[in-house]
Protein chains: 2
Amino acid sequence: MVGGKYKLIILHKLATHGIRRFNELRREFPNITQRTLTRQLRELESDGLINRQVYPEIPPKVEYSLSETGKSLYPIFLQIEKWGLEYMENNPK
Amino acid sequence: MVGGKYKLIILHKLATHGIRRFNELRREFPNITQRTLTRQLRELESDGLINRQVYPEIPPKVEYSLSETGKSLYPIFLQIEKWGLEYMENNPK
DNA sequence: CTGCATCCATCCCGATACTG
DNA sequence: CAGTATCGGGATGGATGCAG
């Protein structure tokens, strides 16, 4: 469910900074292409990790946020982050 | 570093059951092909997560075990396992 | 603004046969 | 026993253009 190239950082961004619109995410991850961002978001949505709120306006507006299930991943993120910091301490460069 | 299809379960097996020989791992994961098992083990080794001990005998003998870095991943595994159990409780089927 | 359609390169893994 | 060699297919991500 989190196997995509950008899924973890997307979830992390939504976890730490809350609701985000599509183009906000594009700006925050300049390397990801539009097509890929769309697909990763759709996959996260169909796995129930994020919510997708569409506002039927012109111009369109779509907001992404963590679902409850997505939020429940947060302890894992913290554990991974802790590991990463220790790993960098023991393997400096 | 743990992105391969079988890397997490290989690490988990080594974490919970200690040293394993090549063909023991093959038997324990019947779905993995020889070629793929070899590659995943080599990648784990070059990332420093497992140790590869070769005994220059006939017939050959190679033992795989967790490195200290590999062992340090264990808290993450526990956190993931905990999440998985809760997820299945909340999403029964 | 938020997409979809198309085409393409690469990576990952599997199937199978062979080897010291 | 513990691999290597070869071939191939499917998934993943990128580039580019078009659209409501």
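Per-residue HN-Hα couplings for the stretch B:32-43, Karplus 6.51 cos²θ - 1.76 cosθ + 1.60 at θ = phi - 60°, whole Hz, x for Gly and Pro?
Couplings: 6, 7, 4, 4, 5, 4, 4, 5, 5, 5, 5, 5 Hz.
Ignoring ligands, DNA and RNA, please state the percent of accessible area on the stretch B:7-90 from carbon and sulfur, probe 1.4 Å.
Working: 2740 of 5290 Å².
Carbon-and-sulfur percentage of accessible area, whole number: 52.
Among B:LYS71, B:LYS82, B:LYS61, which one moves the most in a GNM of chain B with springs linking Cα atoms closer than 10 Å?
Its mean-square fluctuation being the largest, the pick is B:LYS82.
How long are the three semi-axes of the equivalent ellipsoid for the protein assembly as shown, computed from the Cα gyration tensor as the root of 5 times each eigenvalue, in whole Å, largest first? Don't skip to the end; give the middle numbers.
Values: eigenvalues 291, 61, 53 Å².
Three semi-axes, in Å: 38, 17, 16.
Nm distances between the label at B:ILE58 and the same-position labels in the remaining copies, 7 Å along Cα→Cβ, shortest first?
Output for B:ILE58: 8.3 nm, nearest copy listed first.
What does the copy distance list look like for B:PRO30, label position 7 Å along Cα→Cβ, in nm and ordered from shortest?
In nanometres, ordered from closest: 5.3.
What gaps in nm, shortest first, separate A:LEU8 from its twins in the other copies when you place the label 7 Å past Cα toward the beta carbon?
1.1
In terms of modelled amide H atoms, which long-range or inter-chain residues lie less than 5 Å from the amide H of B:ILE50?
Hits under the 5 Å cutoff: B:GLU45, B:SER67.
Taking the alpha-carbon set of the stretch A:7-90, what are its Rg and Dmax in Å?
Rg, Dmax (Cα atoms, Å): 14.2, 52.
Write down, largest first, the equivalent ellipsoid semi-axes of the stretch A:1-46 in whole Å, where each equals the square root of 5 times an eigenvalue of the alpha-carbon gyration tensor. Can you show the working numbers first?
Values: eigenvalues 39, 34, 19 Å².
With the √(5λ) rule applied to the stretch A:1-46, the semi-axes are 14, 13, 10 Å.
Using a basic spin-label model with each label point 7 Å from the Cα along Cα→Cβ, how many nm lie between A:LYS71 and B:ARG27?
If labels sit at A:LYS71 and B:ARG27, their model points lie 4.8 nm apart.
Quick check: the angle from helix B:7-17's long axis to the longest principal axis of chain B, C-alpha only, nearest 10 degrees?
Roughly 80 degrees between the two axes.
Nearest-to-axis residue of chain B, judged by Cβ, for the B-to-A rotation, with distance in whole Å?
B:GLN79, 2
What is the list of residues in the stretch A:71-93 whose amide nitrogen lies under 11 Å from a point 7 angstrom out from the Cα of B:MET1, following Cα to Cβ?
Under cut-off, by backbone N: A:83-92.
Simple spin-label model, 7 Å along Cα-to-Cβ: A:GLU63 to B:LEU78 in nm?
Simple spin-label model gives 3.8 nm for this pair.
Helix-derived [θ] at 222 nm for the protein assembly as shown: sum -39500 (n - 2.57) over DSSP H runs of at least 4, divide by residue count, nearest 500?
Values: 10 runs with 104 residues, N = 186.
Helix contribution divided over all residues of the protein assembly as shown: -16500 deg cm²/dmol.
When only DSSP loop residues count, what trypsin sites (Lys or Arg not before Pro) in the stretch B:1-37 have their Cβ near at most 13 other Cβ atoms within 10 Å?
Details: sites: B:LYS5, B:LYS7, B:LYS13, B:ARG20, B:ARG21, B:ARG26, B:ARG27, B:ARG35; in loops: B:LYS5.
Here the sparse-neighbourhood loop sites are B:LYS5.
Can you tell me, using C-alpha contacts under 8 Å and at least 6 residues apart, the relative contact order of chain A as a whole percent? Walk me through the numbers on the way to the answer.
Details: 79 pairs, mean separation 27.1, N = 93.
With pairs under 8 Å counted, the relative contact order is 29 percent.
So if I take the centroid of the Cα atoms in the stretch A:36-55 and the same for the stretch B:26-74, what is the distance between those two points in Å?
Cα centroid to Cα centroid, the span is 37 Å.
The values are calculated or read from the model by the stated rules, or taken from the named source; none is laboratory data. No experiment lies behind these values; they were computed from the predicted model shown. All Cβ positions, even for glycine, are placed from backbone atoms using ideal geometry, and neighbour counts span all protein chains on display. Accessible surface areas use protein heavy atoms only, side chains included; no ligands, DNA or RNA. Shrake-Rupley method; radii C 1.70, N 1.55, O 1.52, S 1.80 Å.
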